[in-house]
1. Among V83, V131, V147, what is the fewest-to-most ranking by other Cβ atoms within 10 Å?
2. Could you run the Karplus curve 6.51 cos²θ - 1.76 cosθ + 1.60 with θ = phi - 60° over the range 178-193 and give me ³J(HN,Hα) per residue in whole Hz, x for Gly and Pro?
3. Fewest first, what order do F54, F37 take by the number of other Cβ atoms within 10 Å?
4. May I ask you to derive the FRET efficiency for L141 and S91 from their Cβ-Cβ distance with R0 = 41 Å, giving the value to the nearest 0.05?
5. Residue by residue, what Karplus-based ³J(HN,Hα) values in Hz, rounded to whole numbers, does the range 53-66 have, using 6.51, -1.76 and 1.60 with θ = phi - 60° and x for Gly and Pro?
6. Run the simple label-point estimate for I199 and E150 please: 7 Å along Cα→C-beta, distance reported in nm.
7. Rounded to the nearest 20 Debye, what is the dipole magnitude of the range 21-203 about its Cα centre when Lys and Arg each give +1 and Asp and Glu each give -1 at the C-beta?
8. Name the residues whose placed amide hydrogens come within less than 5 Å of the amide hydrogen of I67, ignoring near sequence neighbours (fewer than 5 apart) on the same chain.
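Bear in mind these aren't lab numbers, they're just calculated from the coordinates by the rules spelled out. If you're wondering where the values come from, they're calculated on a predicted model, not measured in any experiment. Cβ placement follows ideal geometry from the backbone for every residue including glycine, while neighbour counts extend to all protein chains displayed.
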Amino acid sequence: MNINNKETLEVPQQTGEKPETILGLRYFYLHGIKNAFVSALRAAFSDENIPAEFRYDTNTQKSQIQIYKNFPQRIMKLPMIVVSTNNGDGSFTYISDELLFENFEQNEYGYMYGGVLTLDVEIAIYTQNIVDMEKLTDIVLILMRYVFREKFQERNLAYSSLRVSGESTEESDLGRIYKNIISTKVTSDFTNFIPISLIEKIQKININFNSYGD
């Protein structure tokens, strides 16, 4: 089983890599960490060593399992794996600003900030019977413990704890669903570019402490 292709594993911004942007700002880690787990799971479950009844295919009609980064509006097919994020900590690492250096990038002047972020990740497994739920829980646990960890560490996404919540059941349009959750805490250093134009605009704001003013 091979997930060493860097094009396969989407990750949040790391030093020296160009990230996606929204309005000049870089996507932060909530988006990137979820994508990393979804990308790794889809790559692993498409491997020939995964049992055929759980094989993932980019063609949804052929795929035997669905893997999402958000819970779908309607469950159309089982088994299904959903990656979600829970509690996180983006607090300042130091009391002072975490400014790393001033930076020119694509002729735009700004500042590069950095820090540490932790984020709880949950991988929920949904099946139509308890046997499939047990098998998939085993597979995902093996992948996270023995296959993903080294690759994630190379990409500055570290985790060590792996917790299994225990089986539960839910009702849906497809009938009774069996569910289990594997959770972990991801720790990652990050860098983020802030355009000077945004900082200057905020600095021009007139903060009025008059409680009767607009």
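1. With the fewest neighbours first, V83, V131, V147 line up as V131, V147, V83.
2. Per-residue couplings from phi come out as 9, 9, 9, 10, 9, 10, 8, 10, 9, 10, 8, 6, 9, 10, 8, 8 Hz.
3. Ordered by Cβ neighbours within 10 Å, fewest first: F54, F37.
4. On the way: r = 30 Å, r/R0 = 0.73.
Once the sixth-power term is evaluated, E becomes 0.85.
5. Per residue, the Karplus-derived 3J(HN,Hα) values read 6, 10, 5, 8, 9, 4, 7, 4, 6, 8, 5, 8, 8, 10 Hz.
6. Here the modelled spin labels are 4.1 nm apart.
7. 440
8. I81
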